1. Across the stretch A:109-121, which residue is nearest to residue A:63 (Cα to Cα) among those that are facing chain B (nearest Cβ under 7 Å) and modelled with pLDDT of 90 or more?
2. Scanning the stretch C:53-80 for residues that are within 13 Å of DNA strand F (Cβ to nearest atom) and without any contact (Cβ under 8 Å) to a residue 12 or more places away in the chain, which turns out farthest from the other protein chains (Cβ to nearest Cβ)?
3. Looking at the structure I just gave you, is residue C:46 surrounded by fewer than 16 Cβ atoms within 10 Å (Cβ to Cβ) and within 16 Å of DNA strand E (Cβ to nearest atom)?
4. Quick check, is residue D:33 touching a helix residue (DSSP H, G or I) at 6+ places or on another chain (Cβ under 9 Å) and within 11 Å of another protein chain (Cβ to nearest Cβ)?
5. Identify, from the list C:77, C:53, the residue that is closer than 27 Å to residue D:103 by Cα, touching a helix residue (DSSP H, G or I) at 6+ places or on another chain (Cβ under 9 Å) and within 10 Å of DNA strand E (Cβ to nearest atom).
6. Which members of the stretch D:81-105 meet the condition of being more than 7 Å from every other protein chain (Cβ to nearest Cβ) and more than 15 Å from residue C:103 (Cα to Cα)?
7. Would you mention how many residues in the stretch C:18-52 are assigned to a helix (DSSP H, G or I) and more than 16 Å from DNA strand F (Cβ to nearest atom)?
8. Kindly indicate the residue of the stretch C:56-76 that is more than 12 Å from the chain's Cα centre (by Cα) and surrounded by 18 or more Cβ atoms within 10 Å (Cβ to Cβ) and also farthest from residue C:39 (Cα to Cα) among those meeting that condition.
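The values are calculated or read from the model by the stated rules, or taken from the named source; none is laboratory data. Small disclaimer: the values here were computed from a predicted structure and weren't measured. Neighbour counts are summed over all protein chains in view; Cβ atoms, including those assigned to glycine, are modelled from backbone coordinates with ideal geometry.
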DNA sequence: GTGGTCTAGACCACC
DNA sequence: GTGGTCTAGACCACA
């Protein structure tokens, strides 16, 4: 049992935060995002950790780099973010939900009923 | 953005751990569970926090206390745990899942398909 | 002007070396490759640098990891290595070759002639 | 595997740099080039090494020496540089390119297509 | 000033 | 034992 801890790697949490900013349209394509050092100071984390998050997002083509200038939000960042989140949801979260459904003996049709109910509100 | 933090109250996290032990049948009815002091040392937490978790579970009739002896798993603990977890699941987790489904533009019938797929494995 | 220096990042040089081992069939699919620490000691480099190379290759699905055991050559490693090398060649090396061809005033048909000549040998 | 190393002799790397300066018309015929000593300090290399590069280029009639004054770019330096580079390119670089083409299973006509494509840009 | 790489050393979870 | 993450601090190239 572990307490008061978030096991997810910090660099992935940073990446998640950036995903949020993009999905909420707070950061738009072509916007310059904070420099590695500034961000690191801001969130009180080692610059290498921020760098790792940025590199991770760069590989996913969410952001791109202009040498000596900084990182910028890519053009299709919003769409790509949605796709990545969807994959994460289906591959990581849904299986847990399904496991709970089985464990707790809930019928899938009951889930559907609750979903339709929630939509009406 | 916040890091290395789990906002859920520690005593509820402890209670969750105990639910797990009961649902996994690791702790059976009439089993004596660890003393408040032992448990607190074990998980490196203040005894008061453990006591709060025990009190919480006692109120839910998951465990009961014999003065001067200790806490024991109640007879209907398994069934009650399932019900409590089911309520938690439907009230707290499902709405988030539904929110994501809508946000990511996934169809509920797709979820059902994925569920049936996962059961076949 | 720079001397006695190889600007390519060490972790990429390590990755290149691994590509070589795979292309030369010295490392076959399912082979366990050296542990991060062992390799680091062997080539006198910081373990983090080796880790970075391994992570890079893992993202490219050239190798995969089994927790607590080690890294292994992936099934399609050979084919993927060829494809990656081909991309590198076409995107990075060929443009330089073309630049030289233009700069030195060589005709592309002359290149073709030299190629056919070299094949006959 | 070897790291952080460039096997080409330093004096040849210096010569290459001078070729570059001539081909890019940065250094024109009759220009005085830096003194051996100045150049050596500038690129942090032993003066003897610079001298060797100058001697090499003098033999190729790319530069000439006026005793007590310094080294100067020869009249036909540009044309001679092109010829030397062309020979180097055809004898040293092209074979490697051809080897890669074969290894990676690329068709020579594909190369020609890519070349024409690159010229259009 | 920007990012990019590397080292050294630490601590963790999993097996 | 394995990899995985993080920190601290350094040096570099590019602009």
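1. Step one: filter the stretch A:109-121 for residues facing chain B (nearest Cβ under 7 Å), giving A:112, A:114-115, A:118.
If we keep only those that are modelled with pLDDT of 90 or more as well, we get A:112, A:114-115.
Values: A:112: 37, A:114: 38, A:115: 35 Å.
Once the filter is applied, the top-ranked residue is A:115.
2. Pass one, the stretch C:53-80, residues within 13 Å of DNA strand F (Cβ to nearest atom): C:53-59, C:63-73.
Now narrow it down to the ones that are without any contact (Cβ under 8 Å) to a residue 12 or more places away in the chain: C:55, C:59, C:64-68.
On the way: C:55: 10, C:59: 7, C:64: 17, C:65: 15, C:66: 19, C:67: 14, C:68: 17 Å.
My answer is C:66.
3. Judged against the criteria, residue C:46 is a match.
4. no
5. Result: C:53 is the single residue among C:77, C:53 that is closer than 27 Å to residue D:103 by Cα, touching a helix residue (DSSP H, G or I) at 6+ places or on another chain (Cβ under 9 Å) and within 10 Å of DNA strand E (Cβ to nearest atom).
6. Those that are more than 7 Å from every other protein chain (Cβ to nearest Cβ) and more than 15 Å from residue C:103 (Cα to Cα): D:91, D:92, D:96, D:99, D:101, D:102, D:103, D:105.
7. The qualifying residues number 4.
8. Top of the filtered list is C:74.
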